[in-house]
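For reference, the structure discussed in these notes is given below.
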Amino acid sequence: MENCIFCKIIKGDIPSPRLYEDDKMIVIKDIEPKAKLHYLCIPKTHFALLSEMDSEKAETLKHCFAKIAQLEETLGLQDGYRVIVNQGENGGQTVHHLHIHLLGGEKLGDF
Ligand code: AMP
Ligand code: ZN
């Protein structure tokens with residue numbers, strides 16, 4: 001998708017080191033970390049909202065969550081972490097390419 005910053009990162013047009021990559025997703029560090037560790041898991045398929053999900057996108061997200069679980073130790077998240085998927089205006093979504101925030105590396109405050 002043109003003008004999508006995450007599509008550009010996925011294509012390699014914007015450099016961003018990948019902590020993990022496969023055919024369905026990448027994991028990168030968030031450029032403005034909100035916790036000691038803050039990663040983004042970004043599906044390679046461009047869509048913005050959970051409400052756009054079809055069976056193929058659901059399979060992709062299932063893969064993302066299964067892989068996140070496998071990567072916990074590699075990412076330093078073995079003591080627990082928070083998973084956030086911001087949705088739309090009220091959710092504070094600023095990049096309209098669905099992504100999964102992973103926050104950890106410290107005890108997080110209540111929200
Ligand atoms: P959201 O507000 O849920 O849409 O999250 C977008 C996230 O993308 C924010 O936490 C930003 O800090 C992060 N972000 C924006 N541009 C980049 C980039 N080039 N590399 C890594 N993270 C980015
Ligand atoms: Zn995109």
Reported set for the range 88-108 where residues are farther than 15 Å from Phe6 by Cβ and open to solvent by 50 Å² or more (accessible area, probe 1.4 Å) is Glu89, Asn90, Glu106, Lys107
Go through the range 88-102 and report how many residues are more than 10 Å from ligand 1 (Cβ to nearest atom) and either part of a strand (DSSP E or B) or closer than 17 Å to Phe65 by Cα (or both). 1
Please count how many residues of the range 17-49 are over 17 Å from Leu71 (Cβ atoms) and either within 12 Å of the chain's Cα centre (by Cα) or within 15 Å of ligand 2 (Cβ to nearest atom) (or both). 5
Pairs, please: C-beta under 6 Å, at least 6 apart or cross-chain, first residue among the hydroxyl-bearing types (Ser, Thr, Tyr) and in the range 9-28, second within 12 Å of ligand 1 (Cβ to nearest atom)? Ser16/Ile9; Ser16/Ile28; Tyr20/Val27
Given the conditions (1) open to solvent by 80 Å² or more (accessible area, probe 1.4 Å); (2) in contact (Cβ under 8 Å) with a residue 40 or more places away in the chain; (3) closer than 13 Å to Lys67 by Cα, every one holds for Met1 apart from (3)
Is it true that some residue in the range 14-35 is at pLDDT 95 or above, out of contact with any strand residue (DSSP E or B) (no Cβ under 6 Å at 6 or more places or on another chain), open to solvent by less than 30 Å² (accessible area, probe 1.4 Å) and of a type outside the set (Lys, Arg)? yes
Quick check on the range 69-87: of everything there that is in contact (Cβ under 8 Å) with a residue 24 or more places away in the chain and open to solvent by less than 50 Å² (accessible area, probe 1.4 Å), which residue is farthest from ligand 1 (Cβ to nearest atom)? Gly80
Residues that are at positive phi, at least 3 per element: which strands (runs of 3 or more DSSP E) completely within the range 8-80 meet that? none
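The values are calculated or read from the model by the stated rules, or taken from the named source; none is laboratory data. Nothing here was measured: the structure is a model prediction, and the numbers come from that model. With ideal geometry, Cβ positions are generated from the backbone for all residues, glycine too; neighbour counts draw on all protein chains shown. When the accessible area is computed, the model is the full protein with side chains, heavy atoms only, and any ligands, DNA or RNA have been set aside. Shrake-Rupley method; radii C 1.70, N 1.55, O 1.52, S 1.80 Å.
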